[in-house]
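This report refers to the structure that appears directly beneath it.
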Amino acid sequence: MLVTLCLLQVLSWSGLIPTTMLPSAAQVLADTVGLFGNTEFLLDVVATMEAWAIGLAIATAIGVPLGLVLGSLRVAYEVSSVVVEFLRPIPSVALIPLAILLFGQGTEMKASLAIYASVWPIFFNTLYGVRDVNPISKETARTFRLTPFAILRRVALPHAAPFILTGVRISAAIALIVTISAELLAGSSAGIGAYVLRISSGGGSTSMVFAGTVVAGVLGVLVNSVLQAAERRLFPWKHVEKAA
Amino acid sequence: MLVVENLSHAYGTGTHRHLALKDISFSVNEGELVSIVGPSGCGKTTLLRAMAGLMPPTGGQIRFLGEPITGVPGGLAMVFQDYRGSLFPWLTVGDNVRFPLHTAKLGKAEVAERVGESLAAVGLTNFEGRYPTQLSGGMQQRAAIARALAYRPKILLMDEPFASVDAQTREDLEDLVLQVRDRFNMTILFVTHDIDESVYLADRVVVLSKPPTYVLTTLDIDLPRPRDQIMTKELPEFIHLRSDVARLIRRPDTSELAVTS
């Protein structure tokens, strides 16, 4: 990170690339700091985060139960796999026009695209997590006369939980990317993407555009570290020292 | 208490049909410790899974407390060889032992009492808050036994429970089984491929043939109790019994011999 910044700074000092194309790292940093005092921009950040959070929450609410059910019933998966394999490769960006038609240019549109893009890692990680349960674990639960539903809740779900959280972590980044892309491409009125679009089309400085992108990156890092901290707290057994 | 009648089981169908269990009959009476011993690959686990109600056999019948087994019956607990798979890694030792008690509609005090008592019986009182991966293999298997004890089963099925621990630990765990059996007055069916273990623990040993499997013989073990790893095993009777079992299992022509005898 630091090395990259220094390299960028040296590159701009060298004059090889005009500063209108690649502003100096110092300038971008200064503009980034400045953005945090910019109320209009902060509202953009809130708008992005809102659509992102709604999208990720709904994707989790869909992906986890679906993964649990399809992961434990092989027949159900075989039946549904055609639909899954058809939907999955469709890039969410290609659905932007449809989403605008259905939901307009606001939060619903952004969130719906975020859901579409981020549901897959959550779904597949849940599915594989459930399938990864040791058969002996399930037999143990069966000998204690747990119902299939109780086995799903008390054995498959806790076993799959770390997989699920990893899925959510991957999806968090994807949802952020898609939300900002949607703002940019759909010409949303608010959001980090909308800010970048306003500055760049309004003849603003390259440095200000870069600053907006830096903020998006910082948000990504923050969300990821929050989820990593959650992982350590939620799954202590993953982090205990193992006996020899 | 547990009666197995002409049990047979085949895997696959048609030309791929493989007869694993041919004809198995024996019974376990209340309070008895019966061990089942046989050569590796003789379908011991298949037999145990059928008795636990985890898998319907293709022929014969098993009755537990007079009722034919159709699914997993109440009052039956199983200790698996694979304790790593059987203990839930996301639960502490205490919560693992508590696991089967959720379905039993017990009061909080009763649950706590059973967990405490079971952990004490296997010597894990101070490890209630640890996770299974923090314990050695032998201690993990103790935890699995404690969980089965807390469930208060009428019969305890043990599927080669000590096959993955070292020899010293194994002897300790064998003695632990004898202790908890006395203390809780348990009926135990112990499956093993270890001849010494089968004789040392049991009141009766059921000796199985190579597949397709049937019962070669059932031996009464009249060794004095309490048994002791050193003193019991140096008794001439012990040596005779273990040799009898070994001959039955090891001899290449056991199947013909047993059929004619």
Exercise. Identify, please: which residue in segment B:70-80 is at pLDDT below 95 and more than 9 Å from chain A (Cβ to nearest Cβ) and is, among those, least open to solvent (accessible area, probe 1.4 Å)?
Worked result: B:GLY75
Exercise. Do the conditions hold for B:GLY129, that is, is it surrounded by fewer than 21 Cβ atoms within 10 Å (Cβ to Cβ) and more than 13 Å from chain A (Cβ to nearest Cβ)?
Worked result: no
Exercise. Quick check: is even one residue across segment B:83-93 more than 8 Å from chain A (Cβ to nearest Cβ), open to solvent by less than 50 Å² (accessible area, probe 1.4 Å), touching a Ser or Thr at 6+ places or on another chain (Cβ under 7 Å) and modelled with pLDDT of 95 or more?
Worked result: no
For this session: Can you run down the residue pairs with Cβ atoms below 9 Å, 6 or more apart or on separate chains, where the first is in segment A:191-212 and at negative phi and the partner is open to solvent by 60 Å² or more (accessible area, probe 1.4 Å) and outside any helix (DSSP H, G or I)?
Result: A:SER205/A:THR20; A:THR206/A:THR19; A:THR206/A:THR20; A:THR206/A:MET21; A:SER207/A:THR19
Problem set entry | Wholly enclosed helices (runs of 4 or more DSSP H) of segment A:1-103 bearing at least 1 residues among the aliphatic types (A, V, I, L, M), open to solvent by less than 90 Å² (accessible area, probe 1.4 Å) and without any contact (Cβ under 8 Å) to a residue 24 or more places away in the chain | A:2-14, A:25-35, A:39-72, A:74-87
Exercise. Which residue out of B:SER118, B:SER136 is exposed (fewer than 15 other Cβ atoms within 10 Å of the Cβ) and over 23 Å from A:THR147 (Cα atoms)?
Worked result: B:SER136
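The values are calculated or read from the model by the stated rules, or taken from the named source; none is laboratory data. Note that the coordinates shown come from a computational prediction; the quantities given were computed from them, not determined experimentally. All Cβ positions, glycine included, derive from the backbone under ideal geometry; neighbour counts span all protein chains shown. Protein only, heavy atoms only, side chains kept; ligands, DNA and RNA dropped before computing areas. Shrake-Rupley method; radii C 1.70, N 1.55, O 1.52, S 1.80 Å.
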